[in-house]
Amino acid sequence: MTTFALAPRLALSRRTVVGTAALAGVIALWSAFALSTRALEATGLTTADAAILRFAVPVVLLAPWIPRTLRSLRGAGAGALALVLLAGIPHFLLFAWGAQLTSAGLTGLLVPGTVPLFVTLLLFLRHRTRVSPRRLLALTAIVVGVAASAILRGGSADLGGIAILLAAGLVWALYTLGLASARLDLVSVIVVISVTSTLAAVALALTGAMPSHLLDGTVPWSQIGTYALVQGVGTGLLSTACYVVAVQNLGGSLASSAGALSPVLTAVVAVPLLGEPITAGLAVALALIVSGVALFHLAPRR
């Protein structure tokens, strides 16, 4: 009797532990992506080099799934597939460009923080979707937080960089809507984005449209290995896998809301790692946008 009574509790505890560990991995990996992109210049890598490493590593690791992915593309709509591909080289270039013009804190905050806002706006324009009062309040907090980051910006933050990061958030929102329409499984999505983005990045480097130190052979192998591990394996594969595990064990709302802690971790780590202080504008924006994102995901849906 006692053994059977304890079994559900142990199972629940195990799910909670696994989900919490996976969510902690998501937060750390998302922060590492923002920090490594912001510190790109110090590595000796160019933006094209970073894109090649970011997308080529998943291509190599997931090569056995390429034939299956090509077959699955026949069932994906052309419009939805085009939106899915925005998550590759277009989003990465905007993210990297905005990171160079602002700070790690703003980079880790504005892109994921504004995705719920843009998704809701796009759905409203397309379907006139109603928004619950709590979600409307959450979106208002995000808008005010973005305004605070622009008005109270300090340090190396540039207004143009903030605009570019907002464009990256819009691109990711379009990808999110495309992902909901495209009939592709998780591995196929990663493969198709990685393959097309690798080809595009290599083409930009070979044609001279973007400089590349990687193809010139002037980048130390230690830098290549570190960046391939952080961006290619960490961001390209592990963060996605950890997020799926977190959602399966903790639920989508809690996983999405706790994921908003990633910008906070990014801003805190950027202080000793990159020497970027937490300015008044960044602190206000963090409080408003993180609270808005958490409230948005925890609010009831209409």
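Things worth noting here:
- Sole exception among (1) surrounded by 22 or more Cβ atoms within 10 Å (Cβ to Cβ); (2) on the phi > 0 side of the Ramachandran plot for residue 246, by number: (2)
- Segment 216-245 residues that are in contact (Cβ under 8 Å) with a residue 24 or more places away in the chain, paired with ones that are in a helix (DSSP H, G or I) and of a type in the set (Asp, Glu) (beta carbon under 7 Å, 6 or more apart): 219/49
- In the condition set (1) in a helix (DSSP H, G or I); (2) crowded, with 21+ Cβ neighbours inside 10 Å, residue 212 is compliant with all but (1).
- Selection of segment 149-182 for residues being assigned to a helix (DSSP H, G or I) and over 22 Å from the mean Cα position of the chain (by Cα) yields only 151.
- Residue 108 being farther than 30 Å from residue 277 by Cα and buried (at least 22 other Cβ atoms within 10 Å of the Cβ): no
- Test result for residue 219, assigned to a helix (DSSP H, G or I) and among the hydrophobic types (A, V, I, L, M, F, W, C): no
- Options 123, 93, 152; residue that is more than 22 Å from residue 37 (Cβ to Cβ), aliphatic (A, V, I, L, M) and free of Cβ contacts under 8 Å to residues at least 60 places away in the same chain: 123
- Segment 266-289 residues that are closer than 16 Å to residue 37 by Cβ and at pLDDT below 90, paired with ones that are assigned to a loop (DSSP other than H, G, I, E, B) and of a type outside the set (A, V, I, L, M, F, W, C) (beta carbon under 6 Å, 6 or more apart): 276/103
- Single residue of 21, 48, 32 found to be under 20 Å from residue 226 (Cβ atoms), out of contact with any Gly (no Cβ under 8 Å at 6 or more places or on another chain) and part of a helix (DSSP H, G or I): 48
- Selection status of residue 131, over 19 Å from residue 37 (Cβ atoms) and either among the acidic types (Asp, Glu) or under 22 Å from the mean Cα position of the chain (by Cα) (or both): no
- Among the residues of segment 71-80, not a single one is crowded, with 22+ Cβ neighbours inside 10 Å, in contact (Cβ under 8 Å) with a residue 12 or more places away in the chain and among the hydrophobic types (A, V, I, L, M, F, W, C).
- Only listed residue being over 28 Å from residue 77 (Cβ atoms), at pLDDT below 85 and of a type outside the set (D, E, K, R), chosen from 254, 206: 254
- Residue within segment 31-48 that is at pLDDT below 95, surrounded by 13 or more Cβ atoms within 10 Å (Cβ to Cβ), within 23 Å of residue 173 (Cβ to Cβ) and touching a Leu at 6+ places or on another chain (Cβ under 6 Å) present: yes
The values are calculated or read from the model by the stated rules, or taken from the named source; none is laboratory data. Note that this is a predicted model, so its numbers are computed, not measured. Neighbour counts run over all protein chains shown; Cβ positions are idealised from the backbone, glycine included.
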